[in-house]
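A short worksheet on the structure shown next.
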Amino acid sequence: MNRRVRFTLMWMFGLAAFLINAQTYAAATPLSTVTPVPASEQLRLQTLMFKDMGHYEPVQLKGVDGRMNLAFGVRLDESVVSAKLKLRFSYSPALLPLLSHLKLVLNGEVVDALLLPKETAGTEVEREIELDPRYFTDYNNLSIQLVGHYTMECEDAMHSSIWASISNRSSLELTLRPLALQPGLSLLPAPFFDRRDNRRLDLPFVFAAKPSLATLRAAGVVASWFGAEAAYRSARFPTFYDQMPQRNAVVFATNAERPTVLQLPEVKLPTISVRPLPSDPTIKLLIIQGQDAAQLKTAADALVLGQVVLTGDTATITKVVYDPPRKAYDVPNWIRTDRPVKFSELVGDPSELQAVGHQPSPIRVNVRLPPDLLTWNRKGVPLDLKYRYTPPAVEDNSSLTVSINNSFVQAFRLRASGKGGDKGRLMVPVLDEAMAQYEESLVIPAFQVGSNNQLQFLFALDYHKEGQCKDSIVDATRSAIDPDSTIDLSPFPHYTTMPNLALFANAGFPFTKYADLSQTAVVVSNQPAADDAELMFFMLGRLGRVTGIPALRYNLVPTSAVSAQKDFDLLVINGAGESDLLTKWGKSLPAIIDKNRRLMTPLSPSKLQPGQLYGNEDSKTKSPWSVDASTNGGLAALIGFESPLQSGRSVVAVSSSGSEVAKNVVNAIEDDGLVSRIHGDIAFVRDRQIDSFQVNNMYYVGHLPWHLRIWFFLSMHPVLLAIFGLLAGLILAFLCYWTLRGVAARRMRQ
């Protein structure tokens, strides 16, 4: 064998050994949790406006070290390729260019310093700054700091000439690349919902061609859970029958109902798994399966109750143990009304009740009240406030200002002697509905029942200038609201007038009275279309957002079986224009909406007036007219009325002339600007136009103590109140007369 042949053989054996070793090493090395996607994958551009990140007004930076912070997240299944800050700002003409600048700090790293030249002072300036993508993490903080000086000599650190204004039209642009996550239950709810993502959740649900009501009912539980997780972001669930969207999705299947677009195996036990889409590994499927509908329900309930203990890519469920049904008003997202509630229960961390500096940002405490509190004949909500602060050196104008929903309530002076903390008791006025109370043309701020409320505590401590060159820029001033401060709603009974669509649109009432929806029945057609199912999932997700927990105990029934739901409040989904049930109940409704037909009885505009809030029937206009018309346009409505099946129970129906038009109702409920226009007992929705009316007779839900019931009844009938007052006066007069006559008779006998 010549030398060339031997060399060739040795080279081939060496190559083979290298390949075998490389394969063995690859098999022995664990896979990384995140695998980069090839660069050819589609990149995504995300623009974060400052106004969408919580800064609803331009931010004013004052003093030698004014600053603002922007918090944002990057999804677990994405990485930052490039980032650009488009900053719009203006600054004081008094600032010295050699000493003054804006410092940009990303996650503790200084990324740039922007000079402030005299030429552009006092005008709006726009700068584009490239940010290094290596500094980004899951949760990020971008700080913009003003380093400002107006003189080379001694200066006042809080001088009014040291300022910069950051426009809320500024933006942060992120170019993102998708990452292929290894399938895993331990990441749940990610990547299907990622808390780092502040966008609305749009999560597709996938079913077989004709899913049963039991399958849709299990999916509704999962929708309510994702709605609770998404919280303020809101959540929608595009629904696909035997189709596969090209994005992350949740699949529901039994052995008898499996989407043909996926090759799912049969299962013998309730099963939860996460799998990549075969055609695209960046897309993940959360697959919830059961041998039958009962097992599918078990799998769905196990997901929403025990996702924190699930690991691996597949889990089989052997048993689910449930808590007892929740009691009325045991809603995690509502403040408790059976006892005083400490502020420490209303914030996620006690540090949220602390502030730093002479003029810090307000301390904010969010308060959501149950929507059926009766605030009649009450002065306000008792608030026992305790607070601490660094005492000022001398008696000055330092103060603590208390506001509710940005409206002034009361102010306290901060004394120089306040070493051990102070406390005060005040009554925060209460407002039912969205009414305003007026007194001598002054609007009295108040809690809005059924809405998100925010208490704001603003500390303002005077800055003392001790003299030339004696000032210190070290700001050691601290202030805090004591976590043991309390707010007490226990004096207020649960009692309200119905129907009231404002309570449903803002707080999901009456269904959310029981957080697990144990007294709610959702009514759909016998075979709901995908659009109707999507509308139902949105509503359940919305109710989950209100309560904060999944709807484990609601009923899903077809229209043919609704008569058995006498002891339930009914949520009727009629998005496809099939109005057989509403037509059957037509004598109780102000309007019937069918695909091509409109039947309307007298309507009077709904106005938030005291007479209507307390059931004054004279406030409604009676008229014999009616309109019955045919049209080819689209119309949708929310309708509320007392259940024909049981007095005291409520019905809220989503009715429309077609599935596409029904989405207008979804858009209206989801829009904070539009939802405030929904009230009364019927609200017509045409694109972004909402017209609300009060038509049907009112009824009452809740419980009143007997003495309040008497006073409440008499308050609505002033003539009876006058008669009872006259009778009481006569009885008192006769008692006084007979008493005095008896005294006189005894004196005569003496």
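Solvent-free Debye calculation, one equal scatterer per alpha-carbon of the range 118-193: log10 I(q)/I(0) at 0.18, 0.19, 0.23 Å⁻¹ equals -1.01, -1.07, -1.28. Cross-link pairs exceeding 30 Å between alpha carbons, from the set Lys51/Lys513; Lys342/Lys663; Lys62/Lys84; Lys342/Lys566; Lys297/Lys584; Lys210/Lys566: Lys51/Lys513; Lys342/Lys663; Lys342/Lys566; Lys297/Lys584. Counting charges near Arg649 (Lys, Arg +1; Asp, Glu -1) among other residues having Cβ under 9 Å from its Cβ returns a value of -2.
Judged by the mean number of other Cβ atoms found within 10 Å, the most tightly packed of the peptides 498-507, 737-746, 231-240 leads the ranking 498-507, 231-240, 737-746. Annotation: amide H of Leu489 within the under-5 Å range of Arg339, Val341, sequence separation 5 or more or interchain, hydrogens built in the peptide plane. Relative intensity of the range 319-420 on a log10 scale, I(q)/I(0) at q = 0.14, 0.15, 0.19, 0.23 Å⁻¹, equals -0.75, -0.83, -1.16, -1.47, per a Debye sum over C-alpha point scatterers of equal strength in the absence of solvent. Summarise the long-distance tail of P(r) for the range 79-234 by giving the % of C-alpha pairs beyond 29 Å. The proportion of pairs with Cα distances above 29 Å equals 44 percent. Could you compute the net charge surrounding Leu188? Neighbours are other residues with a C-beta less than 12 Å from the C-beta of Leu188; K and R count +1, D and E count -1. So the environment of Leu188 carries a net charge of -1. The heavy atoms of Thr375 present about 20 square angstrom of accessible area, all protein chains included, probe 1.4 Å. The Cβ shell under 13 Å around Ile317 holds other residues with a net charge of +2, Lys and Arg each +1, Asp and Glu each -1. Sorting Tyr463, Tyr241, Tyr699 on solvent-accessible area from highest to lowest, probe radius 1.4 Å, gives Tyr463, Tyr241, Tyr699.
Distance from the C-alpha centroid of the range 68-111 to that of the range 656-685: 39 Å, rounded to the whole angstrom. A viscosity of 1.567 mPa s and a temperature of 4 °C, combined with the Kirkwood radius over C-alpha pairs in the Stokes-Einstein formula, give the range 233-316 a diffusion coefficient of 97 µm²/s. Taking amide H atoms as placed 1.01 Å from N in the peptide plane, the amide H of Asp313 lies under 5 Å from those of Leu185, each 5 or more residues away in sequence or on another chain.
For Val572, nonlocal amide neighbours, meaning residues 5 or more places apart or on other chains whose placed amide H falls under 5 Å from its own, are Val523, Val652, Ala653, Val654. Each residue of the range 636-641 is assigned a 3J(HN,Hα), and the resulting list reads 9, 7, 9, 10, x, 6 Hz, derived from the Karplus form 6.51 cos²θ - 1.76 cosθ + 1.60 (θ = phi - 60°), x at Gly and Pro.
Counting heavy atoms of the protein chains alone, Met536 has an accessible area of about 10 Å² for a 1.4 Å probe. Computed packing ranks the peptides 282-291, 83-92 as 282-291, 83-92, most packed first, by mean other Cβ atoms within 10 Å.
In order along the range 278-291, the phi-based Karplus estimate (6.51 cos²θ - 1.76 cosθ + 1.60, θ = phi - 60°) of 3J(HN,Hα) comes to x, 7, 8, x, 6, 9, 10, 10, 9, 9, 10, 10, x, 5 Hz; Gly and Pro are listed as x.
Each residue of the range 202-218 was assigned a 3J(HN,Hα) from its phi angle through the Karplus expression (A = 6.51, B = -1.76, C = 1.60, θ = phi - 60°), giving 10, 10, x, 10, 10, 9, 5, 4, 9, x, 7, 5, 5, 5, 5, 5, 5 Hz with x at Gly and Pro.
With bins 10 Å wide beginning at 0, the percent of Cα pairs of the range 37-146 falling in each bin runs 12, 43, 31, 12, 3, 0. Within the range 208-239, find all residues whose amide N lies under 14 Å from a label point positioned 7 Å from the Cα of Gln454 along Cα-to-beta-carbon. Those under the cut-off are 232. Using the alpha-carbon positions of the range 365-406, Rg (one decimal) and Dmax (whole number) come out as 15.9, 48 Å.
Solvent-accessible surface of protein heavy atoms, probed at 1.4 angstrom with all chains present, puts Trp334, Trp163 in the order Trp163, Trp334, largest first.
The values are calculated or read from the model by the stated rules, or taken from the named source; none is laboratory data. What you are looking at is a predicted structure, and each value in this text was computed from that prediction instead of being measured. Here Cβ is always computed from backbone atoms with ideal geometry, including for glycine, and neighbour counts include all displayed protein chains. Heads up: the accessible areas ignore ligands, DNA and RNA and are worked out on the full protein's heavy atoms, side chains in. Shrake-Rupley method; radii C 1.70, N 1.55, O 1.52, S 1.80 Å.
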